[in-house]
């Protein structure tokens, strides 16, 4: 480490000597501080960590999104966006301290050797992982590995007396960002996008092709809880819905010249009637897409004000795999709105508490609690209707969170993971029967009902984990419990994450509002021409 610091110092000094410049005082100061601590400090220090802490300390005084990640953290953060990782290809849950296979990835390594949904993995390479309270992260570390390497697991299978041994050759496993795609009614498609990754555009186009064959004439894109991802993925998707030459987004920073992205005019869905669902957790690339659709009067946005992340990060990578993500610019929607919410440099706690502040002020529950400063009012580019900046995208139709079915009993059961435990147990016992009884997810959704006996078992499971039954609070939340349980059973039985949306969207207020406005041509057109007139009373002088 000392040698490395000496080399770095020599190179930096040499570079300034060649240009005839003197080494800046602040750089010299940092180098001397690191070198002094590493050579003179009274106790031994982890010199790698010393340098990492110095980098983190600098970044923490900047904006909330400039970060440093070590090699392991960098890999974990980038895998979901790259669209694949290397492993054995299973989705699992922990049931009574045992790894329980929910589903195998189709044609993945585990499915190819015969691993089945419902199997319990007991050992990995002769290490027992069942019943030893091993952390989920440690289990994943043992199962994941480079493509072509192998891992041996022993599996306990219902009906088999002995453990079954499988040797699995790891492979690349796809990660999907389209969680669900299906028809809400005979003319309305629905696509839920969980993040924007390298393969999002391809996944969405595949989903839209399928829905078009099923008769889609209009579309709901659900970006609720979508935390963003790659800016280019959002640009590529915007291109499918905008006309040639229409600005999608532009970025600009102190040392970063303005850069603009335009639609090419070759999009296949430029005339498709569109509604976009957003909420307070929709961020970054999700805001780029929704902001562009709103600014070009291309779609009606439904839900709640988005997160407000309008900062562009540039990755600065190191040879060891670590990385700085440094904010270099702001991004702006086509109308000129900067979506980034205000922040104070170095005060990350206040920034992270912003969503809680919105909740305390009532923004999630009452429209009248929202204030829209007139100084941040912009106009859309075709119809010149008002839209608002200053922190997130304000949707055209506001949908409050419905708390009428929320109770402390619901909160406690969710905190203990009781619903998930119940579903794992239920599917474990009934998987084969359910597959025989129901042809597909639609058939299941139409005919399956959670019984009173099922709910009694669910309540008893909560009691076993010290969540004591409360009759009144149970009745308040009963419909939510039943819907979630049914949706999770569908997801696990049919090995399809989208099955959950098929079941629960019947009671999703944002999706229902999006469907309603698409099916009301007069209201849809009025919103795109004039905007939401209810917002006029919320505008304040500022």
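No value in this document is a laboratory result; all are computed from the given coordinates. Just so you know, these numbers come straight off a predicted model, no measurement behind them. Here Cβ is always computed from backbone atoms with ideal geometry, including for glycine, and neighbour counts include all displayed protein chains.
Mean silhouette area of the range 84-174, derived from the convex hull of its C-alpha atoms and averaged over all directions, reads 5.3 nm².
Here the residues 352, 477, 110, ranked from fewest to most Cβ neighbours within 10 Å of their Cβ, fall in the order 352, 477, 110. Within the chain, antiparallel bridges make up roughly 70 percent of the DSSP beta bridges whose residues both belong there.
For the range 408-507, the mean projected area of the C-alpha convex hull, equal to one quarter of the hull surface, is 6.1 nm².
Each listed q (0.15, 0.20 Å⁻¹) maps to a log10 I(q)/I(0) for the range 239-366 from the Debye sum over equal C-alpha point scatterers, namely -0.84, -1.19. Ordered by the count of other Cβ atoms within 10 Å of each Cβ, fewest first, 43, 320 give 43, 320. Note on the range 298-454: the alpha carbon radius of gyration divided by the globular reference 2.2 N^0.38 Å gives 1.52. Helix-only arithmetic for the chain: the sum of -39500 (n - 2.57) across DSSP H runs with n ≥ 4, divided by the residue total, places the mean residue ellipticity at 222 nm at -12500 deg cm²/dmol. Per-residue Cβ neighbour counts within 10 Å put 338, 238 in the sequence 338, 238, beginning with the fewest. Once you have a ≥ b ≥ c as the square roots of the Cα gyration tensor eigenvalues for the range 108-236, tell me rounded if a/c is under 1.5, and otherwise prolate or oblate according to whether a/b is larger than b/c. It is prolate, given that a/c is not under 1.5 and a/b is the larger ratio.
If you plug the beta carbon distance of residue 260 and residue 529 into 1/(1 + (r/R0)^6) with R0 = 25 Å, you get a FRET efficiency near 0.40.
Remark: relative contact order (the chain) = 12 percent; criterion is Cα-Cα distance under 8 angstrom and separation of 6 or more residues. Distance between the 7 Å Cα→Cβ label points at residue 209 and residue 76: 3.6 nm.
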